[in-house]
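Beneath this line is the structure, given in C-alpha cells, with notes to follow.
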Amino acid sequence: MNKNIKVQRNIIKAIIALIVLIIALIIAYSLYQKDNDNSIKAYSESGFFYDTFIEITVYSNNEEGAKTALNIIMDQCSDYEMLFSKTLVGSEIYKLNTERDVIVSSTTSLLLNYCVSMYYITNGYFDISTGTYLEGFDTETCSIYDEETVSELLEVVDIDNLCLNTDDDGVCYASLIDDVTTIDLGGAAKGFIADRISNYLKSSGFTDFIINLGGNLLVSGYKNSENGNVYSLGIQKPFDSLGSVMLSISGTDMSVVTSGIYERYFVSGDKIYHHIFDPFTGYPVENNLYSVTIIGEESFMCDCFSTAVFVMGLTEGMEFINDYDGYEAVFIDDQYNVYVSDGLVYNEEDASITIKTTD
C-alpha cells in the first residue's frame, strides 16, 4: 500500500475519533448542565374557580418542588370553592343560606368572623349580607328587585342576623336568625384565599411568585431574584372591550385588588345597573365611579376595602383610605379621571402609579 495513502487513512481515522470524542463531550456536558441547572424558571398552573380564571406562577430553580406545590394549591382552590361558593350546591355557604343553621369548618368560620370585623372597620360599607339584595340582580333578564321588595328587605336584612359560635370541642356553628338574609363572600373570599396561598408558598420555601385570582393580584419577591426584576401590574381600563391596561404600577410584596362596575352589569335606558350594591339603599351604587383599586400587603384587606371604598365614593373613600395605614387607593371616575391617595404618585404622561418612599 502506498505510504501516503496509509498516512491519509490514519489522519482520517484520527479526525473521526476526535469528532466522536467532541460529540461525546458535548452530550456529557449537556447532561451535566441539565442535572445541575440552578437557573430561575417560571412554573405555572391555572384553572377555573369562583366563576373566574386563576393562575399561580412560581419563580424557582426547584422544578419538582414548584410543580408539587402548584398541584397542591389547585386542590386547595377546589376545596375553598366547596366552602365559600354561594351558588355551588353543597358548599358551606350554600348550606348556610338554604338551611339557615349549619356546622361549618373552622376555615369558613374564620372568614365569616373576619368579614364581620370588616363590617365594623368600614362603618358598615362592607357588608356580606348585602348579597340579599344581589339575589334579585340578573344580567340575562336585566332585572333587579323592585322598590317594594327592597323596602321590605331593608327592614330586616342586617349583619347581626348572622350568628357564629364555637363550642368547647371546637365545633363551629353558623346560623341566620331571620328568614331572608343571605350571605355572599364574593367581596372577600378571593383575597382570603390569596393570602392563604401566599402563606403556603412561603412556608414551602418559595419567595418569588405571583397569584392571580381573576384579577385579584398578589406578588412576592421578584420575577427573577438573580436580576431583581420587580413586577409590573396593570389596572384595567373600565368597559374596554379588549381589557386593555389604563394604568400600571410596579413593585413587589403587595396585593392589588380592583372593584369596578364593568365586571357584571346591564344597561336599561340610559342607566347602568351593576353588581356593587349599597348596603344602605339596597340598590347598585351611584357615585360616578367606574373602579377603585386598593394596594396593600394583605389581599383580604385589599379585597374588602376595594368594595367598601367604592361604595363610600370618592370624597369619603379617599378620606377613609388616607386615614388607614398601609393601604392606598386609585380611583377612576366616569370621565376616566384618575385620583390617588396620599401614599401614591400618578404620572399622567406615562400612565403609571408609583408608591411614595419614606425615609
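The values are calculated or read from the model by the stated rules, or taken from the named source; none is laboratory data. In this text the structure is predicted, and so the values were computed from the model without any measurement. As a convention, Cβ positions derive from the backbone with ideal geometry for all residues, glycine included, and neighbour counts pool all protein chains shown. Accessible surface is based on the protein model in full, side chains and every heavy atom, while ligands, DNA and RNA are left aside. Shrake-Rupley method; radii C 1.70, N 1.55, O 1.52, S 1.80 Å.
Table for the structure above
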| item | result |
| --- | --- |
| Count of segment 211-236 residues which are assigned to a strand (DSSP E or B) and either among the aliphatic types (A, V, I, L, M) or at pLDDT 90 or above (or both) | 14 |
| In segment 104-113, residue farthest from residue 82 (Cα to Cα) [restricted to those that are surrounded by fewer than 19 Cβ atoms within 10 Å (Cβ to Cβ) and not small (Gly, Ala, Ser)] | 113 |
| Segment 176-186, residues that are within 15 Å of residue 115 (Cα to Cα), open to solvent by 20 Å² or more (accessible area, probe 1.4 Å) and not acidic (Asp, Glu) | 186 |
| Elements of type helices (runs of 4 or more DSSP H) in segment 59-124, at least 3 residues being closer than 20 Å to residue 197 by Cα | 63-84, 106-121 |
| Qualifying residue in segment 257-274 (condition: in contact (Cβ under 8 Å) with a residue 60 or more places away in the chain, within 30 Å of residue 155 (Cβ to Cβ) and in contact with a helix residue (DSSP H, G or I) (Cβ under 7 Å, 6 or more places away or on another chain)) | yes |
| Criterion violated by residue 336 - all others in (1) assigned to a helix (DSSP H, G or I); (2) in contact (Cβ under 8 Å) with a residue 12 or more places away in the chain; (3) open to solvent by 30 Å² or more (accessible area, probe 1.4 Å) satisfied | (1) |
| Test result for residue 353, surrounded by fewer than 23 Cβ atoms within 10 Å (Cβ to Cβ) and under 20 Å from the mean Cα position of the chain (by Cα) | yes |
| Residue 306 open to solvent by less than 20 Å² (accessible area, probe 1.4 Å), closer than 21 Å to residue 133 by Cα, in contact with a strand residue (DSSP E or B) (Cβ under 9 Å, 6 or more places away or on another chain) and not in a helix (DSSP H, G or I) | no |
| Conditions (1) out of contact with any Leu (no Cβ under 9 Å at 6 or more places or on another chain); (2) surrounded by 13 or more Cβ atoms within 10 Å (Cβ to Cβ): number failed by residue 71 | (2) |
| Residue 55 vs. criteria modelled with pLDDT of 95 or more, more than 30 Å from residue 166 (Cβ to Cβ), surrounded by 13 or more Cβ atoms within 10 Å (Cβ to Cβ) and in contact with a Ser or Thr (Cβ under 9 Å, 6 or more places away or on another chain) | yes |
